[in-house]
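The values are calculated or read from the model by the stated rules, or taken from the named source; none is laboratory data. Being a predicted model, the structure only gives us computed values, none of them experimental. We place every Cβ from the backbone using ideal geometry, glycine too, and count neighbours over all the protein chains shown.
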Amino acid sequence: MPVRLTERDHAIFRLIDEHGLLLEKHIANFLWSDQKPSFVRDRLRRLQYFDYVVCSTHDGKLSWWNSPTKPLMYALSPMTRELIGASDYELDLRHFEIQRHLLEVANLRMIFHKDEQNGKISNLQWTTCRPQSNRLCALDARVSLVYKDKLHNIGVLNQSSTEFDSTVSRLTAAVGDDAVETVCVISADQERQKVLEQKITDKLGDKPWLHDCLALAPHKQLYKLGVVKTRWQGIGMRDASLFVEGPHSAGVGQLPTEH
């Protein structure tokens, strides 16, 4: 007998459709309720059994995944896409680099959610920008949140592997987005952040306005400190501390992530 779908099942489907694919930990935190993550493991297994979701493993190394077992990823089945009226995902979700990028974006969202759950920020609204094969997607997400009674609109750009030139091209488009005041660029590590900063300077120059609208940080620091406490860096080794009052502040800060 087919499983009877609930409103929470449809919420799971919408989340997976928004991100392309998700880990169980992502879904549990995004469906946070009663001051704790939702328990979704058994439900996901049941949905998989009845072919509503497709489960596979990410075979590579994720910098923030410390478990000895490879993480299980969930994507929507063709049947569920038809059921909820979702369009097909244009990119190949079986491709390792695409999987890694999408999972990193989802993990960044979880860090924002943890800051909200810990009372660091409030009124968090996250909108994932779905990448498409036929056009450049400047941002990976648009985020609005309230910090100390002030509304902040932030763009999130996840720097993929060593594709520095494409990241700069995306950034060029992102800084002109009127919907965001600051673009947060998250790199794999400090070394790649330095290379990316130099690429940005070479192409865009060390202009004063870049300091006001760009904030860079490596994944490891963000996972350790969270959004509010992270020391965001502007172009030219200048601080761009989000959520700290000052002449160049645009808004953000902290939160610990469990992995």
Review point. Among (1) surrounded by fewer than 21 Cβ atoms within 10 Å (Cβ to Cβ); (2) assigned to a helix (DSSP H, G or I); (3) more than 16 Å from the chain's Cα centre (by Cα), which single condition is residue 100 missing?
Key: (3)
Point to revise | Filtered residues of the range 65-82 (kept if free of Cβ contacts under 8 Å to residues at least 24 places away in the same chain and assigned to a helix (DSSP H, G or I)) | key: 78, 82
Review point. Scanning the range 143-158 for residues that are over 15 Å from the mean Cα position of the chain (by Cα) and hydrophobic (A, V, I, L, M, F, W, C), which turns out modelled with the highest pLDDT?
Key: 146
Check your understanding: Yes or no: residue 11 surrounded by 18 or more Cβ atoms within 10 Å (Cβ to Cβ) and without any contact (Cβ under 8 Å) to a residue 60 or more places away in the chain?
Key -> no
Practice item. Would you mind finding the one in 57, 6, 69 that is surrounded by fewer than 17 Cβ atoms within 10 Å (Cβ to Cβ) and touching a Lys or Arg at 6+ places or on another chain (Cβ under 7 Å)? Key: 57
Check your understanding: Among the residues of the range 112-135, is there at least one that is touching a residue at least 12 places away in the same chain (Cβ under 8 Å) and touching a Cys at 6+ places or on another chain (Cβ under 7 Å)?
Key -> yes
